[in-house]
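Worksheet: one structure, shown below.
The values are calculated or read from the model by the stated rules, or taken from the named source; none is laboratory data. Computed from a predicted structure; not experimentally measured. Cβ sites come from the backbone with ideal geometry, for glycine too, and all protein chains shown count toward neighbours.
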Amino acid sequence: MDERNDRPDPDALLRRTEREAAERRRGRLKIFLGAAPGVGKTYEMLTVGHRNRREGVDVVVGVAETHGRAETAALLEGLEVVPRHDVAYRDQVMQEMDLDAILARRPGLALVDELAHTNVPGSRHPKRWMDVEELLAAGIDVLTTVNIQHLESLNDVVASITRVRVRETVPDKVIDRADEIELVDLTPADLLQRLREGKVYAPDMAGRALLHYFSPGNLTALRELALRQTAQRVDAQLLDHMKASAIVGPWAAGERVLVCLTLQDAGPGLLRYGRRLAERFHAAWIVLHVETSRDMSPGMRQRMAGLMHLAQSMGAETVTIPGEDVAADTLAYARKRNVTQIVAGRPSRRPWADWVVPWAWVSVTRGLMTAAG
């Protein structure tokens with residue numbers, strides 16, 4: 001008998017209700033995400049701004065950095081640009097986005113380029129993303145742009161790829177709270193061609209960029225990061241919707257691999273297979289251990305702890321849950337996490353094994369086969 005709980009998750013429904021109530025008061029945030037400078041984020045932001053204006057939305061440009069690109073600068077025509085204000089710093093006068101002027105103007109939509117920008121000391125907020133947060137809190141919708149290398153959680157990864165440590169970062173919570181993320185994608189070959197044509201940097205800067213940051217390998221790796229970040233975002237939104245609506249998964253919306261680790265089949269080989277499978281699908285992978293009362297001896301705990309540590313070092317998310325029915329608990333967890341691929345190893349059968357330990361693998365495998373139909 002199928003005892004799946006098809007009722008909506010009350011906690012998920014509550015979170016959705018609270019989020020929707022907050023969204024009615026808070027402005028909506030859309031982020032144009034790119035793998036590198038020059039892919040067309042500002043161009044796309046301004047294009048969407050024009051589209052909103054044609055649809056009757058009150059649109060202003062808070063700040064748009066054209067970097068001398070003629071085709072981007074041309075898109076400012078027809079849009080209201082809020083003049084920047086002067087900020088005195090070290091005997092110099094510099095210009096920043098006029099946050100107070102935008103708040104006083106109260107547009108329906110503000111276009112704010114370069115989310116990771118650091119404001120001149122003396123500004124109300126040290127970071128532009130904080131300016132954006134204030135606009136959103138005032139009920140103003142915002143379009144903004146950011147490159148993948150500016151995400152705080154990816155700072156070390158990007159530095160290892162490019163050998164350049166990015167100093168201006170945006171907290172992941174800001175990205176996570178965005179209502180929409182649009183990937184502005186351009187192949188490395190096309191971006192390099194734009195760079196050679198002087199459409200990204202001035203000729204003297206373009207030559208240096210080609211030798212260092214804008215190498216084909218760097219651009220390919222950064223593009224992969226941007227694609228994965230966007231896919232993970234869509235996957236998280238899908239899971240929230242499934243939980244709130246009591247939709248039984250999995251849905252084919254990106255692969256997620258689960259390695260079921262029991263003491264009867266535990267070994268590095270199973271973990272390596274799970275990792276290879278995850279790499280093949282470009283998927284996240286989870287190593288799950290259902291800890292039963294039979295798993296409580298110190299030796300068994302030490303063995304499992306070592307395997308879980310190995311799994312973590314291989315890049316897996318490791319999870320231990322209590323339970324007695326390994327198959328049922330594994331399947332329940334797999335549905336909860338929208339898992340699409342489950343890996344369960346077969347133990348080496350010994351003549352005396354049946355009366356020494358339960359044959360957990362048989363139970364797990366039969367359960368998985370039954371669930372799969």
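Yes/no matrix, rows are residues, columns are (1) aliphatic (A, V, I, L, M); (2) in contact with a Leu (Cβ under 9 Å, 6 or more places away or on another chain); (3) within 24 Å of residue 179 (Cβ to Cβ):
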residue	(1), (2), (3)
53	no, yes, yes
69	no, no, no
83	no, no, no
109	yes, yes, yes
137	yes, no, yes
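Here region 113-123 is the region considered, the condition is being more than 11 Å from residue 168 (Cα to Cα) and touching a Lys or Arg at 6+ places or on another chain (Cβ under 9 Å), and the residue that is surrounded by the most Cβ atoms within 10 Å (Cβ to Cβ) is 113.
Would you mind stating whether residue 81 is surrounded by fewer than 18 Cβ atoms within 10 Å (Cβ to Cβ), β-branched (Val, Ile, Thr) and modelled with pLDDT of 95 or more?
Values: surrounded by fewer than 18 Cβ atoms within 10 Å (Cβ to Cβ): yes; β-branched (Val, Ile, Thr): yes; modelled with pLDDT of 95 or more: yes.
Spelling it out, residue 81 is indeed surrounded by fewer than 18 Cβ atoms within 10 Å (Cβ to Cβ), β-branched (Val, Ile, Thr) and modelled with pLDDT of 95 or more.
In region 276-303, of all residues being farther than 19 Å from residue 320 by Cβ and of a type in the set (Lys, Arg), the one that is modelled with the lowest pLDDT corresponds to 280.
Whether any residue in region 315-333 is over 22 Å from residue 228 (Cβ atoms), of a type in the set (Val, Ile, Thr) and part of a helix (DSSP H, G or I) is what I want to check. Break it down into steps so the answer makes sense when it comes.
Start the filter on region 315-333 by keeping residues that are over 22 Å from residue 228 (Cβ atoms), which leaves 320-333.
If we keep only those that are of a type in the set (Val, Ile, Thr) too, we end up with 320-321, 326, 330.
Checking the rest, the ones that are also part of a helix (DSSP H, G or I) come to 326, 330.
Yes, region 315-333 has at least one match.
Within region 300-314, if we keep just the residues that are among the hydrophobic types (A, V, I, L, M, F, W, C) and in a helix (DSSP H, G or I), the residue that is nearest to residue 267 (Cα to Cα) turns out to be 307. As a summary of the residue check, residue 94 satisfies the conditions (1) over 30 Å from residue 216 (Cβ atoms); (2) part of a helix (DSSP H, G or I); (3) of a type outside the set (Asp, Glu); (4) in contact (Cβ under 8 Å) with a residue 12 or more places away in the chain except for the one numbered (2).
Just one of the listed residues (107, 126) is over 20 Å from the mean Cα position of the chain (by Cα) and either crowded, with 23+ Cβ neighbours inside 10 Å or without any contact (Cβ under 8 Å) to a residue 24 or more places away in the chain (or both), namely 126.
Among the residues of this structure, residue 99 does not count as one that is touching a residue at least 40 places away in the same chain (Cβ under 8 Å), buried (at least 22 other Cβ atoms within 10 Å of the Cβ) and not basic (Lys, Arg). The residues in region 22-74 that are of a type in the set (Gly, Ala, Ser), outside any loop (DSSP other than H, G, I, E, B) and out of contact with any Lys or Arg (no Cβ under 6 Å at 6 or more places or on another chain) can be counted, and the count is 6. Looking only at residues in region 131-160 that are charged (D, E, K, R), part of a helix (DSSP H, G or I) and modelled with pLDDT of 95 or more, which one is surrounded by the fewest Cβ atoms within 10 Å (Cβ to Cβ)? Here the answer is 134.
When restricted to residues that are over 24 Å from the mean Cα position of the chain (by Cα), buried (at least 16 other Cβ atoms within 10 Å of the Cβ) and in contact (Cβ under 8 Å) with a residue 60 or more places away in the chain, region 318-347 contains 6.
Does residue 255 satisfy the condition of being surrounded by 16 or more Cβ atoms within 10 Å (Cβ to Cβ), among the charged types (D, E, K, R) and in contact with a His (Cβ under 8 Å, 6 or more places away or on another chain)? Answer is yes for this residue.
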